[in-house]
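Each reported figure results from applying straightforward, stated rules to the coordinates on display, with no laboratory input. No experiment lies behind these values; they were computed from the predicted model shown. Methodologically, a virtual Cβ is constructed for each residue, glycine included, from the backbone with ideal geometry; neighbour enumeration extends over all protein chains shown.
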């Protein structure tokens, strides 16, 4: 999954393509799918390919949900091409590698727009899969807490975000260790930073 800053930036940049009348519902929809980290519902209920279909959106909320899934799919394709596995690795190690790339993109995206304005829309909370709405609300609260300061969160703050959504401390520590290493690799960082504009260009050529 892309991290929340990337999701909200992507949704805002595409909003003019649609007749969005309720921005609260739209941004809530683009954050909602990852609430499964807290609610525990199956990923198929939030990220299945059917949610990318042009026929899926019937409201501003479901439009945001669709855009979340489009964002994830495009980012995954680009990262797979830009950062292929150099040596065979375990699925867990590959997940960590891609999570570090997503984190670096999130850090860069934070410097491109006012995320706090986007977070202001997260008072709109619904539970379209019948999950405990208090758990969805808890996820939104965790997101707001993680990003409420000015500027980019520290690595420790990102670690706390991972822990708060249920990642093990061992994996969270590995992500942060690898992050600190990869930030010294300037060509790699530049490649990550170039991803967002490619994502927007690809989405611009899709029927949504």
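Descriptive notes on the structure:
- To the nearest ten degrees, helix 169-182 and the longest principal axis of the Cα atoms of the chain are 70 degrees apart.
- The Kirkwood radius of the stretch 80-199, taken over pairs of alpha-carbon atoms, gives through the Stokes-Einstein law at 37 °C and 0.692 mPa s a diffusion coefficient of 205 µm² s⁻¹.
- Each Cα pair under 8 Å and six or more residues apart adds its separation to the average, and for the chain the resulting relative contact order is 29 percent.
- Expected-Rg normalisation [2.2 N^0.38 Å, Cα atoms] applied to the stretch 162-208: 1.63
- Cβ-derived FRET efficiency at R0 35 Å, residue 132 paired with residue 77, nearest 0.05: 0.60
- Gain upon complete extension [residue 85, residue 44; 0.36 nm per residue less C-alpha separation]: 12.2 nm
- With Cα atoms, 0 to 90° folded angle of helix 4-14 axis to the chain main axis: 50 degrees
- Here the stretch 142-180 is scanned for amide nitrogen atoms under 20 Å from the site 7 Å beyond the Cα of residue 94 along Cα-to-Cβ, giving 171-172, 174-175, 178-179.
- Per the Kirkwood formula applied to alpha carbons, the stretch 1-148 shows a radius of gyration over Rh ratio, Rg over Rh, of 0.96.
- Per-peptide average of other Cβ atoms within 10 Å, ordering 19-31, 158-170 highest first: 19-31, 158-170
- In a fully extended conformation the segment linking residue 157 and residue 53 would gain 33.9 nm over its present Cα-Cα distance, using 0.36 nm per residue.
- Value of [θ]222 nm, deg cm²/dmol, for the chain, DSSP H segments ≥ 4, -39500 (n - 2.57) each, nearest 500: -19000 deg cm²/dmol
- Calculated on alpha-carbon atoms, Rg and Dmax of the stretch 44-121 in Å: 15.2, 44
- With Cα atoms, 0 to 90° folded angle of helix 155-164 axis to the chain main axis: 50 degrees
- Relative packing of peptides 50-58, 63-71 - highest average C-beta neighbours within 10 Å first: 63-71, 50-58
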